[in-house]
Amino acid sequence: MLIAGFPAGAWGTNCYLVAPAAGEECVIIDPGHQAAGGVEDALRKHRLKPVAVVLTHGHIDHVASVVPVCGAHDVPAWIHPADRFMMSDPEKGIGRSIGMPLMGELTVGEPDDVKELADGSELNLAGLEFAVSHAPGHTKGSVTFRMPEAADIPQILFSGDLLFAGSIGRTDMPGGDHAEILESLARVCLPLDDSTVVLPGHNEQTTIGRERATNPYLRGLAAPRRGM
């Protein structure tokens, strides 16, 4: 499997391209602020053909390049319905004006084809499987994408802004809720194997085992008992 990731734009948001191998179809995760050029560079370098954009949530630092990327390749964008409004009205997602100089670099709006994500659904895209988990707390429509373990490749969690190395997503913006993000962490992250690789929306990758042992926000949390 091929995963090409890079930090983009003013917020250093991680954008990922995921494919079975070089020269094949791929999925693009979170093309945010100023990510379009990096996406095109990665597509050329690895000879990839995108089939979809999938979004962990609707904040502008994760969706700012959705329109140009989807338009250039005629592919749909997938987002949870609770965050869909942010693509057309990003200021509502952060509770303040983004600022005119920065706004001048953004393409606000929806791509031609928008599909909605649902908790517990399975996306089969580019020959890959992505399990969708609704994980509110950072935003009402935050989701994670989990790829199952395969051969010698560990399970992978694209955590968006739910879980970071040593931290979690902020909850002080519209739609944020600290108690809710703790519930999402307990339900979505804690049941996963320690070997699960976490590819977050910002900063470096980590593992569930590392975060379980060292992340102060996970202390005192317990995974829900099965059957509940």
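The values are calculated or read from the model by the stated rules, or taken from the named source; none is laboratory data. None of the values given here were measured: they were computed from a predicted structure. Note: ideal-geometry Cβ built from the backbone for every residue, glycine included; neighbour counts use all protein chains shown. Remember, those area values only see protein heavy atoms, side chains included, never the ligands or the DNA or RNA. Shrake-Rupley method; radii C 1.70, N 1.55, O 1.52, S 1.80 Å.
Looking only at residues in the range 119-166 that are open to solvent by 50 Å² or more (accessible area, probe 1.4 Å) and not in a strand (DSSP E or B), the one that is farthest from Ala19 (Cα to Cα) is Lys140. Just one of (1) farther than 24 Å from Pro20 by Cβ; (2) open to solvent by 10 Å² or more (accessible area, probe 1.4 Å); (3) touching a residue at least 24 places away in the same chain (Cβ under 8 Å) fails for Ser184. It is (2). Considering the range 37-64, the residues that are in a loop (DSSP other than H, G, I, E, B) and in contact with a His (Cβ under 7 Å, 6 or more places away or on another chain) include one that is farthest from Leu157 (Cα to Cα), namely Ala64.
Taking residues in the range 139-157 that are more than 21 Å from Glu204 (Cβ to Cβ), and partners anywhere that are of a type in the set (Ser, Thr, Tyr) and open to solvent by less than 10 Å² (accessible area, probe 1.4 Å), the pairs with Cβ atoms closer than 7 Å and at least 6 places apart or on different chains are Val143/Thr56.
None of Gly71, Gly32, Gly38 is surrounded by fewer than 23 Cβ atoms within 10 Å (Cβ to Cβ) and under 15 Å from Gly5 (Cβ atoms) except Gly38.
Might you check whether a residue that is exposed (fewer than 14 other Cβ atoms within 10 Å of the Cβ), of a type outside the set (S, T, N, Q) and under 24 Å from Thr13 (Cβ atoms) occurs anywhere in the range 197-216? Yes, there is a match, as at least one residue in the range 197-216 is exposed (fewer than 14 other Cβ atoms within 10 Å of the Cβ), of a type outside the set (S, T, N, Q) and under 24 Å from Thr13 (Cβ atoms). Hey, among the residues in the range 92-118 that are at pLDDT below 95 and among the small types (Gly, Ala, Ser), which one's surrounded by the most Cβ atoms within 10 Å (Cβ to Cβ)? Restricting to residues being at pLDDT below 95 and among the small types (Gly, Ala, Ser), the top hit is Gly93.
Based on this model, can you work out whether Asp89 counts as more than 20 Å from Ser159 (Cβ to Cβ), at pLDDT below 95 and of a type in the set (Asp, Glu)? Yes; evaluated as a whole, the condition is true for this residue.
Residues of the range 7-29 being open to solvent by 40 Å² or more (accessible area, probe 1.4 Å), assigned to a strand (DSSP E or B) and over 10 Å from Gly201 (Cα atoms), which ones? Listed by number, the list holds a single entry, Glu25.
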